[in-house]
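The values are calculated or read from the model by the stated rules, or taken from the named source; none is laboratory data. All values derive from a computational prediction rather than experimental measurement. Cβ placement follows ideal geometry from the backbone for every residue including glycine, while neighbour counts extend to all protein chains displayed.
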């Protein structure tokens with residue numbers, strides 16, 4: 001069953017790439033005491049994710065943060081090295097935190113996993129965005145498979 005607005009974000013861990021190598025961050029460290037704009041994608045380097053989703057948040061990061069957002073985070077069922085390379089290619093730098101949900105545990109805990117095995121991609125995350133305030137989901141926008149609209153940076157800005 002998928003989480004809903006008003007729920008606490010499920011406990012979990014992510015990895016992200018630093019100059020020293022992969023580091024771990026818990027959901028408590030990421031969300032407690034902060035306002036976080038999150039977007040999740042089916043996979044790094046995939047067409048819509050690379051052409052529109054990540055670039056939108058990178059390009060609009062200053063505007064989003066100006067609305068009181070402490071962190072913008074991108075989550076995908078990929079490893080930290082892939083997420084780091086994808087972020088580097090799109091100049092995410094300090095604009096968007098690139099978080100690896102390597103085994104899809106967070107996607108499962110959210111109830112938002114997506115089975116793309118028929119396409120050779122295994123189980124991934126659905127495309128969505130959410131606004132999290134101090135660990136509580138304040139907005140959740142889940143895309144229909146194959147769609148890209150309600151989880152965009154533009155939609156996030158309008159909601160803020």
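Filtered by the rule that a residue be part of a helix (DSSP H, G or I) and crowded, with 19+ Cβ neighbours inside 10 Å, region 65-91 gives 80, 83, 84, 86, 87. Look at (1) more than 21 Å from residue 24 (Cβ to Cβ); (2) in contact with a strand residue (DSSP E or B) (Cβ under 6 Å, 6 or more places away or on another chain); (3) at pLDDT below 95 and you find that residue 50 fails only one, number (2).
Report yes if residue 102 is under 16 Å from residue 83 (Cα atoms) and in a loop (DSSP other than H, G, I, E, B), otherwise no. Against the criterion (under 16 Å from residue 83 (Cα atoms) and in a loop (DSSP other than H, G, I, E, B)), residue 102 qualifies. Residue pairs whose Cβ atoms lie under 6 Å apart, sitting 6 or more positions apart in sequence or on different chains, and linking a residue in region 1-16 that is under 10 Å from residue 110 (Cβ atoms) to a partner that is crowded, with 17+ Cβ neighbours inside 10 Å and modelled with pLDDT under 95, are 2/112. For region 6-27, the criterion of being part of a helix (DSSP H, G or I), out of contact with any helix residue (DSSP H, G or I) (no Cβ under 6 Å at 6 or more places or on another chain), surrounded by fewer than 21 Cβ atoms within 10 Å (Cβ to Cβ) and modelled with pLDDT of 95 or more is met by at least one residue. Note on region 39-64: residues that are farther than 14 Å from residue 96 by Cβ and not in a helix (DSSP H, G or I) amount to 4.
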